[in-house]
1. What's the total number of residues in the range 119-142 that are among the hydrophobic types (A, V, I, L, M, F, W, C), in a helix (DSSP H, G or I) and surrounded by 13 or more Cβ atoms within 10 Å (Cβ to Cβ)?
2. What are the residues in the range 118-151 that are hydrophobic (A, V, I, L, M, F, W, C) and at pLDDT below 95, if any?
3. Any idea which residue in the range 33-66 is nearest to K119 (Cα to Cα), counting only those that are of a type in the set (S, T, Y) and in contact with a Leu (Cβ under 9 Å, 6 or more places away or on another chain)?
4. Kindly list, by first and then second residue, each pair from a residue in the range 126-151 that is within 18 Å of F99 (Cβ to Cβ) to a residue that is surrounded by 11 or more Cβ atoms within 10 Å (Cβ to Cβ) and among the acidic types (D, E), limited to pairs with Cβ atoms under 8 Å and residues at least 6 apart or on different chains.
5. Can you name every residue in the range 52-70 that is of a type in the set (A, V, I, L, M, F, W, C) and either in contact (Cβ under 8 Å) with a residue 60 or more places away in the chain or over 19 Å from L106 (Cα atoms) (or both)?
6. Might you let me know whether the range 96-108 holds any residue that is under 15 Å from the mean Cα position of the chain (by Cα), in contact (Cβ under 8 Å) with a residue 60 or more places away in the chain and closer than 26 Å to T10 by Cα?
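The values are calculated or read from the model by the stated rules, or taken from the named source; none is laboratory data. A quick note: this is a predicted structure, and the numbers were derived from the prediction, not measured. Here the Cβ positions follow ideal geometry from the backbone for every residue, glycine too, while neighbour counts run over all protein chains shown.
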Amino acid sequence: MTSAFRDRVTQWSKDMGRTVDYLETRKDIDVTRLAYYGRSWGAVMGAILPGLEPRFKGSVLVVGGLFQQGTLPEAEQINFAPRMKTPVLMLNGRYDYVFPVEGSQLPMFRLFGTPQKDKRHLLFETGHSIPRNELIKETLNWLDRYLGPVK
């Protein structure tokens, strides 16, 4: 990938930070309980962006993994995933043709700097999707565990 991609990742990071800055101005938002949620491409970016934003208290990454194309080091997932220290839940399909288990999902999961007790990788008997009911159940349980139940 090119310097244009690196610049785009930099802009996404700045946009994310500005969004959290804005949320901090809202009295109806508890910014001490924010989580990153990414699906597919958003889950790919979940190896980069949450590690750059210390105000996130956890992440849920759905059908993502390491991107199979190389990029400049400044935007390479393997250089950022170890910086992620917050709890992370990965929900993936065993037969995902975009992010294969052995070549993409597990390497990303192993790279996270999150303590082992605070990271979880769940596989479903699907491709590049997760059954809706399971997605909702697992996501809410994870967020309740690390952010506390909704009041």
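1. Residues of the range 119-142 among the hydrophobic types (A, V, I, L, M, F, W, C): 122-124, 130, 135-136, 140, 142.
Restricting the remaining residues to those that are in a helix (DSSP H, G or I) gives 135-136, 140, 142.
From the residues that got through so far, the ones that are surrounded by 13 or more Cβ atoms within 10 Å (Cβ to Cβ) too are 135, 140, 142.
So the count comes out to 3.
2. From the range 118-151, those hydrophobic (A, V, I, L, M, F, W, C) are 122-124, 130, 135-136, 140, 142-143, 147, 150; that's our starting set.
Correct list: V150 only.
3. Of the residues in the range 33-66, the ones of a type in the set (S, T, Y) are 36-37, 40, 59.
Next cut, in contact with a Leu (Cβ under 9 Å, 6 or more places away or on another chain) only: 36-37, 59.
Numbers: Y36: 14, Y37: 14, S59: 9 Å.
Per the stated criteria, the residue is S59.
4. What qualifies is T126/D96; G127/D96; H128/D96.
5. Filtering the range 52-70 for residues of a type in the set (A, V, I, L, M, F, W, C) gives 52, 56, 60-63, 66-67.
L52, F56, V60, V62, V63, listed by residue number.
6. We begin by selecting, within the range 96-108, every residue under 15 Å from the mean Cα position of the chain (by Cα); these are 99, 104-108.
Still in the running and in contact (Cβ under 8 Å) with a residue 60 or more places away in the chain: 108.
Still in the list and also closer than 26 Å to T10 by Cα: 108.
Yes, the range 96-108 has at least one match.
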